[in-house]
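Laboratory data are not the source of any read-out in this text; all were calculated from the coordinates shown. It should be emphasised that the depicted structure is a prediction, and the values quoted were computed from it without experimental measurement. Here Cβ is always computed from backbone atoms with ideal geometry, including for glycine, and neighbour counts include all displayed protein chains.
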Amino acid sequence: MMQFNVSSTERNYETDYDVIIIGAGAAGYSAGVYIKRSGMSVAILERESVPGGNTAVSPLVENYLGFNAIEGADLAEVFRKHYAQYGKIITEIDVRDIKKDGEKFKIITNRSEFTARALIVTTGTTHRKMNVKGEDEYYGKGISYCSTCDGYLFKGKDVAVIGGGNSGAISALYLNGIAKTVSVIAHSKIKKCEDAYIKAIDEKKIPFILNAETEEFIGDGKKLTGMKYKDIVTGEEKTVNLDGIFVYIGVIPQTAFLKNIGVVLDRHGFIVADEKGRTNVPGIYAAGDVLSGSEEQIATAVGEGSKAAITLYTDIINKKF
């Protein structure tokens with residue numbers, strides 16, 4: 001697995017561009033290629049020292065067209081190299097605020113102030129972690145946050161989904177057609193997913209373990225072998241042998257910096273945009289996992305990034321902002 005640090009700790013970059021993209025993931029890279037090829041200057045601002053977003057931290061990607069199987073970090077590097085032929089990537093830039101400055105936007109960050117005529121926000125999400133022992137150690141070694149990304153790796157094996165909401169239920173139903181056994185483990189006292197999912201889970205006889213407080217993920221140092229949880233009603237501690245665990249307790253959209261500029265967010269903090277990627281603020285577009293209703297897939301992020309870029313270019317030509 002490749003890990004590339006493309007840090008720009010020196011001030012070796014311009015600060016004014018036609019378009020600035022915030023977030024160097026699949027959507028951001030895709031948007032950047034289209035923006036530059038349309039004749040505009042572009043830079044991507046990335047908070048981390050190693051760009052790539054959630055693609056880069058995916059253990060194995062088997063559902064992206066053109067690659068039978070590729071590690072996420074390797075695919076992210078393919079994206080980075082392609083985009084780097086066209087535009088600048090500036091890493092370790094934490095965007096704090098955005099303000100309107102005449103006909104341009106001013107982007108306030110931890111290091112410099114940038115200006116651009118238009119913005120595309122592709123900051124994505126971070127997975128809400130459980131913060132229990134063994135979670136970091138066995139991530140990518142049995143612990144996953146994406147069943148559609150990694151489910152096939154557990155064909156014929158015993159897995160569990162942690163999380164009793166709709167996302168957890170959908171994941172369990174998906175895995176039921178792949179894994180040998182699937183169970184849902186939830187901290188709640190009741191099944192919180194929609195009735196239709198409860199019915200489907202019951203019909204497929206997928207066990208739903210309630211009142212379970214995860215205490216530890218266990219393994220042999222090389223791979224996950226199970227988990228320990230406590231029944232919060234009886235206080236009994238239990239150990240379950242598992243090959244894989246899929247954590248679905250929510251994601252956190254990276255949108256706090258949009259508060260002052262007035263971009264409309266949904267109740268969970270995701271960006272509300274039209275079918276072309278336009279937000280309610282003229283000149284600000286969005287794509288990828290940060291969008292409300294996102295499919296959270298690499299392929300859809302790439303498509304949304306290109307669509308937002310094409311829309312932005314068309315809007316400029318038509319003088320919509």
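Evaluating 6.51 cos²θ - 1.76 cosθ + 1.60 at θ = phi - 60° for every residue in the range 39-56, the Karplus couplings come out as x, 9, 7, 8, 9, 10, 9, 10, 5, 7, 7, 10, x, x, x, 5, 4, 5 Hz, glycine and proline recorded as x.
Residue 219's amide H: which non-local residues (gap 5+, or another chain) put their own amide H closer than 5 Å, with H modeled 1.01 Å from N in plane and none for Pro or chain starts? Those qualifying (amide H under 5 Å, at least 5 residues apart or on another chain) are 225. Residue separation of residue 49 and residue 174 scaled by 0.36 nm, minus their Cα-Cα distance, works out to 41.6 nm of gained length.
Could you please state, rounded to a whole Å, how far the C-alpha centre of the range 74-100 is from the C-alpha centre of the range 182-255? With the range 74-100 and the range 182-255 each reduced to a Cα centre, they are spaced 36 Å. Between amide H atoms placed 1.01 Å from N, distances below 5 Å from residue 209 occur with 184, 185, 186, all of them 5 or more places distant or on a separate chain.
Cβ distances below 4.7 Å define possible disulfide partners, and in the chain the cysteines left without one are 193. Short to long, the 5 Å bins of the Cα pair-distance histogram for the range 1-138 hold 2, 10, 19, 21, 19, 13, 8, 5, 2, 1, 0 percent of all pairs.
Applying the Karplus relation 6.51 cos²θ - 1.76 cosθ + 1.60 with θ = phi - 60° to the range 17-31 yields 3J(HN,Hα) values of 9, 5, 9, 10, 9, 9, x, 9, x, 4, 5, x, 4, 4, 4 Hz, where x marks Gly and Pro.
Between residue 181 and 157, 158, 159, the built amide H atoms are under 5 Å apart, and every one of these is 5 or more places off in sequence or on another chain. In this entry, the range 115-182 is assigned a mean projected area of 6.9 nm², taken as a quarter of its C-alpha convex hull surface. Restricting the calculation to Cα atoms, every distinct pair contributes to the Kirkwood radius of the chain, found to be 20.8 Å.
Eigen-decomposition of the gyration tensor built on the alpha-carbon atoms of the range 218-321 gives equivalent ellipsoid semi-axes of 43, 17, 9 angstrom, largest listed first. Protection proxy ranking, highest mean first, for peptides 190-200, 110-120: 110-120, 190-200, where packing is the per-residue count of other beta-carbon atoms within 10 Å, averaged.
Taking a ≥ b ≥ c as the square roots of the eigenvalues of the alpha carbon gyration tensor, the range 143-247 is oblate, as a/c is not under 1.5 and a/b does not beat b/c. Extending 7 Å from the Cα toward the beta-carbon at both residue 111 and residue 239 defines two label points whose distance is 4.7 nm. Placing a pseudo-label 7 Å from each Cα along the Cα-to-Cβ vector at residue 37 and residue 195 gives an inter-label distance of 4.9 nm. Count Lys and Arg as plus one, Asp and Glu as minus one, and take only other residues whose Cβ is under 15 Å from that of residue 83; the net charge is then +3.
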